[in-house]
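Attaching a single structure in structure tokens format; questions to follow.
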Amino acid sequence: MIVTLIIICEVGFWVLLAVGLALRYLAKMPRTGIAVLLCEPLLEVVLLVVTAIDLKNGADPAWKHGLAAVYIGYTVAYGHYTIKWIDGHFAHRFAGGPPPVRAPRYGTARARHEGRLWLRTVLAAAVASGLLQLAVWYVGDAGQTGSLRSWQWIAWRAAGIHGLIALTYTLWPKQAPAGAEEDRPRPLTKRL
């Protein structure tokens, strides 16, 4: 049931995002669109409550509970970033908004960008670990919480791997091709 709910939450995220943006830009109902977009966090609250109820009703802590915590952590860290990114593209494409800013591709600007993304991953791991630790304390039986503790390790391992990747952009920055202008955030151009 938890895995099904995670899938429903993910599909619901994209459906609410599409409906919210369509209302905001295509139907010219910006307040209604924002109201729909603000419903996005409710999906994670429902997932959190259902997971807690499942554990309260005596379900053995399993990988699905850990996956739910990691999903919620990821959504907390990257949800707003994703919505903002898609909103910028949608506004440009369908509402005549300014072109969205492209991430830098070279040098220290790219390293800073990757570092900020890594900090989001650290936040995701911290939220997931916190939720998992609460679940461990809630269950209380040390023999049954091994799968929850393993998901804490998975979350921090992912953050560590992402940190190493981000560090490579600092240690070995990609240089702009000869004759190219200085790399700074610039609008995307539409190609036909």
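Ignoring ligands, DNA and RNA, what percent of the accessible area of the chain is carbon or sulfur (1.4 Å)?
Here it works out to 68 percent.
So what is the relative contact order for the chain, in percent, with contacts set as C-alpha pairs under 8 Å and at least six apart?
Once divided by the residue count of the chain, the mean separation gives 25 percent.
Could I ask something else about it? In whole angstrom, how long is each semi-axis of the equivalent ellipsoid of the chain, when you take the square root of 5 times every eigenvalue of its Cα gyration tensor and sort them from largest down? It would help to have the intermediate numbers written out before the result.
Values: eigenvalues 255, 133, 18 Å².
Over the Cα atoms of the chain, the semi-axes work out to 36, 26, 10 Å.
Using a simple spin-label model with points 7 Å from Cα along the Cα→Cβ vector, what separation in nm is obtained for residue 26 and residue 3?
3.3
On to the next question. Can you give the Kirkwood hydrodynamic radius of region 28-142 from its Cα pairs, in Å with one decimal?
16.7
For the chain, what does -39500 (n - 2.57) per DSSP helix run (n ≥ 4), summed and divided by total residues, give at 222 nm, in deg cm²/dmol to the nearest 500?
-25000 deg cm²/dmol
Let me ask you something else. List the DSSP H helices in the chain whose Cα atoms stretch 15 Å or more along the helix axis and whose mean Kyte-Doolittle hydropathy is at least 0.5.
Counting only whole DSSP H runs, the qualifying helices are 2-21, 40-56, 107-139.
Sorted by mean Cβ packing within 10 Å, highest first, what order do the peptides 39-48, 56-65 take?
Taking the mean over residues of other Cβ atoms within 10 Å, the ranking is 39-48, 56-65.
Another question, then. Suppose all protein chains stay in the model; what accessible area per residue would a 1.4 Å probe give for the chain, in Å²?
Value returned for the chain: 61 Å² of accessible area per residue.
Principal axis lengths of region 37-90 from Cα atoms, whole Å, largest first?
45, 19, 13
The values are calculated or read from the model by the stated rules, or taken from the named source; none is laboratory data. The shown structure was predicted, so the numbers you read here are calculated from the model rather than taken from an experiment. Note that each Cβ is placed from the backbone with ideal geometry, even for glycine, and that neighbours are counted across all protein chains shown. Keep in mind that these areas ignore ligands, DNA and RNA; they rest on the heavy atoms of the full protein, side chains included. Shrake-Rupley method; radii C 1.70, N 1.55, O 1.52, S 1.80 Å.
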